[in-house]
Amino acid sequence: MQGESVTQLLLEWSDGDKAALDELLPLVYDELHRLANAYLRRERANHTLQPTALVNEAYMRLVEQQHVRWQNRAQFFGIAANLMRQILVDHARQRMAAKRGGPDQHRLSLTQAERVINRAEVDVLALNEALNKLTEFDAQQGRIVELKFFAGLTIEEIVEVLGISHATIEREWKLARAWLRRELSA
Amino acid sequence: MTPERWQQVKELFHAALAREPKFRSDFLVKACGADQSLRAEVESLISSHEEEGSFIDSPAFAAAADLLAAEAVELQAEQQFGAYEIVAPIGRGGMGEVYLAADRRLGRKVALKLLPASFTRNTDRLRRFEQEARAASALNHPNILTIYEIGEVAGTHFIATEFIEGETLRQYLRHAQLDADEALRIAVQITDALAAAHTAGIIHRDIKPENIMLRPDGYVKVLDFGLAKLSEAQLTHNSDSEAPTLGLVNTNPGMVMGTVNYMSPEQARGQEVDARTDIWSLGVVLYECVTGREPFAGATPSDTLAHILQNEPPPLALLLPDVSPELERIITKALRKDREERYQVVKDLLLDLKSLKQELEFAAKLERAGAPNLRGASGARGARASQQTDDANAHASARTDELAEARITARVKPALGWMNSGKRWPVLALIVLVVVGLTFGLYKFLGRKQVIPNCETK
């Protein structure tokens, strides 16, 4: 039932029905949320979470593959990647707000304490802004970064999802990464 | 940047990268011609590309998954959670949500703490945490929070503990400035709890005002024994899987474990910790209680860590001109950066704190009794006070002399006083009478003995 509706919504959306996306997003979000929890519970020592497994499983569960075109798969992964990006950014914002006031200031993990010394953090908010800028003049690079960094897809998986050659994706990723890094260090 | 311009940049970037580094500059000069800004753009992107480090190479997705899980559990009032019924949320700590709940089986209130999934993923570490937390609770120490149950409901791990009415030391410090007596009263109880735990081989690792509860009746309770171990485990867990993803781990509230302000230098360095780490953290808490400020506070956590590792806190005497020098000595000794120079066992710290506490109480009593009566009535009280002292030897020697003198005065003076009174003549007369009587008797006795032989010889 749910599989049907997500499949249907994906098809409607790819046929140009913009409203279908609004219905689709919460369904995908809930499924990702649920899967993440289940994964964390099941995960045991020496069995680390495979980031792509999550998106893939959400796809397998929500979408009836025999009824969709390959483009729908790309769309689905695009949506999942975008949702994960949104979740991270929202959280980073909350954290910033907490830092500015509130009793939670100066809270951080031991891991982070070590990193404060090593200085190897990625500023999610700055990355998000830079990625928005990049997407303005190169939407494809933006998508690649979202899929690779936020959804955790490998280059091979991105080849499948976007239908572009391996070499092109690697080249695009290389430049996008260099540009983002320069933006963030400025 | 226009898409057309970007296309130019893209082509030159890849073309330059395809060449050997030494030929790139010449290539770009030729290819860009008069367009200096194009050349600068491509060159800076190439140098960014060649920078060391793992910028965004590892996906953020794993961290995002943790985030989702951490946000997942939120209970509402009247909701059932296993055998418990949620009454109200109490607070959200770095270690998870805490609720006031009712245990219907035993008809009592409990504090229910839900552990973030990111802490409980590793079952081995979870088991070790449980062992340690239970062991601390089993000490049955009046200053250690009692754990009722550690369990799991639908995949969410929880700890049910006794519910303490009152507030945390953090909350208390926000609205109250403690004097030395009160700070010592609290510190002695925390130290007592730690002494018992350390003896049982349990280190707290996260002593801070948030983990100390003050009950209205004056009892102090130390919370969360063993819990720090669980989040430290997180550190190891992450660092042996995918190091680069660590960059995003900090966005996860579940992994937030607290402030760095109470971290010992060895913790800040990520070294193995031992009981002396608790001594340091206790020193920080004591300093803060007495002065109202954190000894190593910096503008950012990294500044704080730098202070902890390198700088001495402002001297106590500078902030509190009439602070007891003994208190300053104790705090300084607890806050030695080299743990070899710190108090080595918490029991020594406990003795010093207790002695100082008693000394201050004694001084306060003396002050109340009034100094002029020192040799009189208050002397006896002083003597009794000193007998109650469980570690009398720790008193400063001057104080001991004073007490000894007071004790002599108290015991001998009444006898002398009586002798010096007007009743002394009848006593002397009685003594003279006894002596005379005895002499007379002896004389009669010896005399008779001598007479008899004389009679026989007659």
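The values are calculated or read from the model by the stated rules, or taken from the named source; none is laboratory data. What you see is a predicted model, and the numbers here were worked out from it, not measured in a lab. Because the Cβ atoms are built from the backbone with ideal geometry, glycine has one as well, and the counts that use them run over all protein chains shown.
Observations, loosely collected:
- Within segment B:325-347, the set of residues being in contact with a helix residue (DSSP H, G or I) (Cβ under 6 Å, 6 or more places away or on another chain) and outside any helix (DSSP H, G or I) comprises B:L335, B:K337, B:R339, B:R342, B:Y343.
- Hey, B:G254 crowded, with 24+ Cβ neighbours inside 10 Å, more than 7 Å from chain A (Cβ to nearest Cβ), at pLDDT below 70 and closer than 25 Å to B:E149 by Cβ or not: yes
- Only one of the listed residues (B:A297, B:A306) is within 30 Å of B:D181 (Cβ to Cβ) and either at pLDDT 95 or above or over 12 Å from the mean Cα position of the chain (by Cα) (or both). That residue is B:A297.
- Selection from segment A:4-27 of residues that are over 22 Å from the mean Cα position of the chain (by Cα) and surrounded by fewer than 16 Cβ atoms within 10 Å (Cβ to Cβ): A:E4, A:S5, A:D15, A:G16, A:D17
- Of all residues in segment B:50-59, those being at the interface with another protein chain (Cβ under 7 Å from one of its Cβ atoms) and crowded, with 17+ Cβ neighbours inside 10 Å number 3.
- Odd one out for B:E41, checked against (1) within 30 Å of A:E146 (Cα to Cα); (2) acidic (D, E); (3) at pLDDT 85 or above; (4) not in a helix (DSSP H, G or I): (4)
- Filtered residue count, segment A:164-186, keeping only those that are surrounded by fewer than 21 Cβ atoms within 10 Å (Cβ to Cβ) and within 16 Å of B:L12 (Cβ to Cβ): 3
- Across segment A:149-161, the qualifying residues are those that are more than 7 Å from every other protein chain (Cβ to nearest Cβ) and crowded, with 20+ Cβ neighbours inside 10 Å, and the one among them that is nearest to B:A18 (Cα to Cα) is A:I158.
- Tally, over segment A:171-183, of residues that are more than 8 Å from every other protein chain (Cβ to nearest Cβ) and of a type in the set (A, V, I, L, M): 1
- The selection criterion, being closer than 23 Å to A:A139 by Cβ and away from chain A (no Cβ under 14 Å), does not hold for B:L45.
- Every residue from segment B:53-88 that is in a strand (DSSP E or B) and modelled with pLDDT under 70: none
- Summed over segment B:293-324, residues that are hydrophobic (A, V, I, L, M, F, W, C) and touching an Asp or Glu at 6+ places or on another chain (Cβ under 7 Å) total 2.
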